[in-house]
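**Q** Submitted below is the structure of interest, expressed as structure tokens.
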Amino acid sequence: MSASVAWEHELQSWLEPFLSPLHHPARRRMCPLYVAGLIGPGARKSLQPIATRVAPADSDQLHHFVAVSPWDEAPLEAELLAQANQLVGGPDAILVIDDTALPKKGTHSVGVGPQYAGVLGKKANCQSLVSLTLAKHEVPIPIALRLFLPDTWIKDPGRLQRAGVPKTFWVERS
């Protein structure tokens, strides 16, 4: 078995428990292609270059999978947590909570606003992401990533609606 075929088989095996909660056959087919495009060779990881590399005949379906395809993320998150716990869980494991700031120039990206940006060491116009990572020894496994919405967004339902933010996220977080 060639290294390329072995890698694809290993990826398919690892993704298998995540595919059944996607329900729709097209989603189950597009998911491995998208993940392979993200972690495989190729410098550009935006949707069009990925589609060109991994699904040239199905670029519309891949775009739909990424941009429009709704699914319940709870079963996928539960499976990810179970897999992470199996790999690095136990009494020596730690949960790392971290934030990442993405500096932005405009005002239209969801969650952008004046916030503290650790990467810049000051308050700046940015998006803030909060991540959870389960780690043991030197092995980290990211298990969650959420966009933090500042008060300027939470207090503006029209803006949230225009941006397509699901209503479950329209609440103040502390």
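The values are calculated or read from the model by the stated rules, or taken from the named source; none is laboratory data. Predicted model, so just to flag it, every value in this text is computed and none were measured. The accessibility values were calculated without ligands, DNA or RNA, using every heavy atom of the protein model including side chains. Shrake-Rupley method; radii C 1.70, N 1.55, O 1.52, S 1.80 Å.
**Q** Over region 1-102, what percent of the accessible surface lies on carbon and sulfur atoms, probe 1.4 Å?
**A** 60
**Q** Taking springs between alpha-carbon atoms closer than 10 angstrom, which of Ser69, Ser131, Ser46 fluctuates most in the Gaussian network model of the chain?
**A** Ser46
**Q** As a test question: what accessible area, to the nearest 10 Å², does Arg44 have when a 1.4 Å probe is rolled over all protein chains in place?
**A** Result for Arg44: roughly 150 Å² accessible.
**Q** While we're looking at this one, here's another question. Beyond 26 Å, how much of the Cα-Cα pair distribution for the chain remains, as a whole percent?
**A** 45
**Q** Another question, if that's okay. Please give the helix 25-39 orientation as an angle from the longest Cα principal axis of the chain, in degrees from 0 to 90, rounded to the nearest 10.
**A** On a 0 to 90 degree scale, this one is about 80.
**Q** Mind running the shape call on region 55-124? Use the C-alpha gyration tensor, a ≥ b ≥ c as the square roots of the eigenvalues: rounded below 1.5 for a/c, prolate if a/b tops b/c, oblate otherwise.
**A** On the way: a/c = 2.66, a/b = 1.05, b/c = 2.54.
Judged from the Cα gyration tensor, region 55-124 comes out oblate (a/c at least 1.5, b/c at or above a/b).
**Q** Also, quick follow-up: Can you give the angle from 0 to 90° between the axis of helix 3-19 and the longest principal axis of the chain, with both taken from C-alpha atoms, to the nearest 10?
**A** Between helix and principal axis, roughly 60 degrees.
**Q** Something else now. Taking only protein heavy atoms and a 1.4 Å probe, what accessible area per residue, in Å², does the chain have with all protein chains in place?
**A** 66
**Q** Let me ask another. Among Gly40, Gly113, Gly164, which one moves the most in a GNM of the chain with springs linking Cα atoms closer than 10 Å?
**A** Gly164
**Q** Express the relative contact order of the chain as a whole percentage, based on alpha carbon pairs under 8 Å and six or more residues apart in sequence. Don't skip to the answer; put the middle values down first.
**A** Working: 211 pairs, mean separation 25.1, N = 174.
Contact order relative to length: 14 percent.
**Q** Leaving out ligands, DNA and RNA but keeping every protein chain, what accessible area does Asp99 have, in Å² rounded to the nearest 10, with a 1.4 Å probe?
**A** 80
**Q** Taking Rh as the Kirkwood radius computed over C-alpha pairs, what is the Stokes-Einstein D of region 77-158 at 20 °C in a medium of viscosity 1.002 mPa s, expressed in µm² per second?
**A** 150
**Q** Can you pull the Kirkwood radius for region 74-114, inverse mean 1/r over Cα pairs, to one decimal in Å?
**A** On the way: mean 1/r = 0.0740 Å⁻¹.
When all Cα pairs of region 74-114 are included, the Kirkwood radius is 13.5 Å.
**Q** Just to confirm my numbers, what's the Cα centroid distance between region 26-50 and region 109-174 in Å?
**A** 24
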